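Asks: Please see the structure below; I have some questions.
FYI, it's all coordinate maths here, none of it is from the lab. The structure presented is a predicted model; accordingly, all values stated were derived computationally and were not measured. Cβ: placed from backbone, ideal geometry, glycine included. Neighbour counts: every protein chain shown.
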């Protein structure tokens with residue numbers, strides 16, 4: 001990729017802005033259009049762009065696959081955990097009103113936390129999908145494709 | 001007649017997309033093309049939902065204190081979920097095609113069927 | 001605590017799934033999955049008891065009031081289906097401990113349990129929710145994970161089967177989505193109870209008819225109603241043993257539940273049977289499924305394929321009960337959902353035992369296996385008898401109710417057909433039993449001389465289901481009573 005000078009320079013300039021914009025969409029989502037889904041995809045787009053320009057291995061050093069997988073799991077757990085917290089605080093599942101001093105504050109905190117979880121899962125799931133496809137056919141794919149294709153050959157019918 | 005064609009133009013778009021998508025799924029042998037057809041088919045439903053949420057003269061539903069007419073945001077939110085589902089389906093489908101290519105060496109359905117029948 | 005049960009039953013597997021990804025340890029994820037499944041089972045028992053005592057339970061997610069927020073509703077029918085699904089899932093967990101690493105390799109185990117838990121929570125969510133769009137979301141959660149589960153099979157044909165299922169399943173789910181969209185277009189609501197009330201006012205609109213068509217067709221694809229069953233035989237045949245058992249025992253049952261819920265609760269009995277006149281159509285498809293798929297099953301040479309085609313035929317029996325449109329017919333259908341889940345899961349469990357030891361499901365390779373694995377094949381035979389409908393087994397009870405229900409409507413031909421089709425079941429089950437016990441092993445690919453009886457951890461779940469088949473064949477009060485109550489409640493509410 002060394003000869004793609006323009007792409008590298010433009011990428012270097014753009015990627016921080018993309019990530020910043022993702023954070024804006026994420027945390028401004030409770031006042032304006034935005035939210036976890038959109039922000040997560042934009043965030044992942046930044047990383048995937050980085051991977052396309054500098055290569056998969058560089059991206060793997062920046063955002064290691066084990067971390068990606070953990071974040072996928074923890075995003076969902078944050079969402080579910082918020083719901084359980086409101087259950088423990090004595091209301092229905094996912095009723096954020098009890099999370100803050102007033103109902104409006106509680107709703108605000110609740111949606112902020114939940115959307116954070118959503119954003120985390122969406123961003124890391126997108127990167128994980130990118131890893132799985134881009135890493136296919138290489139010998140480095142120890143982290144995904146855990147079920148070897150070698151396993152299934154030469155066996156009798158299932 | 002003009003009303004039927006122009007007045008309901010969003011539904012005509014939906015129908016055209018839906019039929020095009022279904023036709024691709026049914027008629028193509030290439031597994032990737034089938035998936036593309038499937039995605040077009042799903043997209044037609046997204047258009048259906050989004051267009052039924054439109055209120056004439058309505059704007060984006062952002063509260064700013066002034067009285068205005070807002071479009072119904074609920075179908076949009078519903079379809080956001082459906083879009084995510086569509087992305088997941090496409091990713092899973094493509095992953096399956098990659099594996100099929102690795103195992104069979106082809107992504108043409110007739111060839112795969114032939115190999116399935118032989119073994 | 002007890003008030004949260006309707007959401008907890010979905011939440012347990014849903015939370016356990018990401019924990020599995022974080023944990024990544026084979027045995028640990030099994031423990032987690034087992035605890036979550038058994039927890040859901042315990043909750044479903046508690047829910048059923050609660051419903052039978054106090055009537056319908058409602059739970060508002062996020063405390064948003066019903067037509068606006070998502071509401072979980074548990075009535076007799078729901079609770080009954082929840083019990084069937086979680087019971088089957090619980091029984092197969094000990095089996096999975098041994099079978100999954102053997103079939104998928106140690107490294108893939110945690111991914112398997114993640115997918116399995118997501119699938120389970122999707123199925124439970126579809127059952128428990130009272131919101132039409134929420135049904136679609138859970139439907140896709142369970143479908144996407146089941147495509148992935150099927151593709152884990154050892155044979156490469158599993159990949160192709162999973163792909164075909166993905167295409168057809170997505171078309172089905174999208175049809176369902178179109179139907180729900182059209183309903184929303186006409187009524188402006190997604191809550192099922194609210195939909196039912198508002199559809200009455202616009203019921204003569206063509207759009208409602210179209211929505212009915214799309215929804216029934218969409219669910220029909222997932223349910224594998226006769227001409228739409230193309231995905232099912234391959235998917236069941238090439239999926240890993242545990243997945244075959246799980247899907248055969250639960251997935252189609254939940255789809256059938258959805259069909260009933262939409263036909264009776266949302267559109268209403270009179271709309272379905274008097275205005276659309278869906279009864280004869282369902283009847284024709286049911287009869288075609290019973291006759292054609294039973295016949296096809298007779299000619300198959302792979303045991304799992306025989307059972308898969310037999311599943312499509314059994315779905316025909318369930319639909320036959322629906323097409324009657326009476327309380328008796330519905331009771332027979334519900335009873336058959338329960339009994340068929342037991343017998344088919346038992347049969348597939350026995351197949352799993354055979355696959356674990358022999359590694360093949362072809363009839364030719366399995367000649368004489370009955371002498372090597374007597375307990376496994378005894379279990380297969382007993383569940384097979386239940387499938388045929390021999391007296392003193394669970395299968396007899398549901399067929400008895402079904403025949404009585406058809407006679408009540410005066411459909412003599414249908415009653416005769418049920419009995420004749422049972423003979424076909426006798427042929428295909430008999431074919432397997434004959435090969436296993438009475439034929440000499442052929443000197444082929446598989447050396448049967450070294451095959452031993454399956455380990456206890458595989459045999460015990462199998463025999464639990466065998467005893468369940470026998471128990472519910474003699475003691476019919478519990479199952480028939482609950483099915484009857486659910487049927488009455490469903491039809492009573494929709495008139």
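Asks: Go through C:177, C:183 for me and flag whichever is within 14 Å of chain B (Cβ to nearest Cβ), more than 26 Å from the chain's Cα centre (by Cα) and either outside any helix (DSSP H, G or I) or buried (at least 23 other Cβ atoms within 10 Å of the Cβ) (or both). Before the answer, list the steps.
Replies: On the way: C:177 fails: more than 26 Å from the chain's Cα centre (by Cα).
Result: C:183 is the single residue among C:177, C:183 that is within 14 Å of chain B (Cβ to nearest Cβ), more than 26 Å from the chain's Cα centre (by Cα) and either outside any helix (DSSP H, G or I) or buried (at least 23 other Cβ atoms within 10 Å of the Cβ) (or both).
Asks: Quick one: which residue in C:49, C:22 is free of Cβ contacts under 8 Å to residues at least 12 places away in the same chain, surrounded by fewer than 24 Cβ atoms within 10 Å (Cβ to Cβ) and touching a helix residue (DSSP H, G or I) at 6+ places or on another chain (Cβ under 6 Å)?
Replies: Testing whether each residue is free of Cβ contacts under 8 Å to residues at least 12 places away in the same chain, surrounded by fewer than 24 Cβ atoms within 10 Å (Cβ to Cβ) and touching a helix residue (DSSP H, G or I) at 6+ places or on another chain (Cβ under 6 Å) leaves just C:22.
Asks: Might you let me know whether region B:62-75 holds any residue that is buried (at least 20 other Cβ atoms within 10 Å of the Cβ), within 10 Å of another protein chain (Cβ to nearest Cβ), within 22 Å of the chain's Cα centre (by Cα) and over 22 Å from residue C:189 (Cα atoms)?
Replies: For region B:62-75, residues buried (at least 20 other Cβ atoms within 10 Å of the Cβ), within 10 Å of another protein chain (Cβ to nearest Cβ), within 22 Å of the chain's Cα centre (by Cα) and over 22 Å from residue C:189 (Cα atoms): absent.
Asks: Quick one: would you say residue C:305 is out of contact with any helix residue (DSSP H, G or I) (no Cβ under 6 Å at 6 or more places or on another chain), assigned to a helix (DSSP H, G or I) and in contact (Cβ under 8 Å) with a residue 60 or more places away in the chain?
Replies: In short, no.
Asks: Can you confirm whether region C:243-251 contains a residue that is in contact with a helix residue (DSSP H, G or I) (Cβ under 7 Å, 6 or more places away or on another chain), farther than 29 Å from residue C:299 by Cα and touching a residue at least 24 places away in the same chain (Cβ under 8 Å)?
Replies: no
Asks: Collect the residues in region A:77-103 that are touching a helix residue (DSSP H, G or I) at 6+ places or on another chain (Cβ under 8 Å) and more than 14 Å from chain C (Cβ to nearest Cβ), keeping them in residue-number order.
Replies: A:100
Asks: Something else about it: Could you check, for region C:392-412, whether at least one of its residues is touching a helix residue (DSSP H, G or I) at 6+ places or on another chain (Cβ under 6 Å), part of a loop (DSSP other than H, G, I, E, B) and within 27 Å of residue C:241 (Cα to Cα)?
Replies: Yes, some residue in region C:392-412 is touching a helix residue (DSSP H, G or I) at 6+ places or on another chain (Cβ under 6 Å), part of a loop (DSSP other than H, G, I, E, B) and within 27 Å of residue C:241 (Cα to Cα).
Asks: Hey, among the residues in region C:94-135 that are more than 23 Å from residue C:78 (Cβ to Cβ) and more than 14 Å from chain A (Cβ to nearest Cβ), which one's surrounded by the most Cβ atoms within 10 Å (Cβ to Cβ)? Break it down stepwise before answering.
Replies: Taking region C:94-135 and keeping what is more than 23 Å from residue C:78 (Cβ to Cβ), we get C:94-115.
Filter again for more than 14 Å from chain A (Cβ to nearest Cβ), leaving C:94-98.
On the way: C:94: 17, C:95: 26, C:96: 29, C:97: 20, C:98: 19.
Restricting to residues being more than 23 Å from residue C:78 (Cβ to Cβ) and more than 14 Å from chain A (Cβ to nearest Cβ), the top hit is C:96.
Asks: Anything in region B:68-117 that is in contact with a strand residue (DSSP E or B) (Cβ under 9 Å, 6 or more places away or on another chain) and under 15 Å from residue C:160 (Cα atoms)? List them, or say none.
Replies: Matches in region B:68-117: B:107, B:108, B:109.
Asks: Another question, then. Residue under question is residue A:61, and the condition is that it be farther than 17 Å from residue A:14 by Cβ, assigned to a helix (DSSP H, G or I) and out of contact with any helix residue (DSSP H, G or I) (no Cβ under 8 Å at 6 or more places or on another chain); does it hold?
Replies: The answer is yes for residue A:61.
Asks: Related question: Only one of these is without any contact (Cβ under 8 Å) to a residue 40 or more places away in the chain and either part of a helix (DSSP H, G or I) or under 20 Å from the mean Cα position of the chain (by Cα) (or both): C:144, C:123, C:139. Name it.
Replies: Numbers: C:123 fails: without any contact (Cβ under 8 Å) to a residue 40 or more places away in the chain; C:139 fails: without any contact (Cβ under 8 Å) to a residue 40 or more places away in the chain.
Criteria check complete, one pass: C:144.
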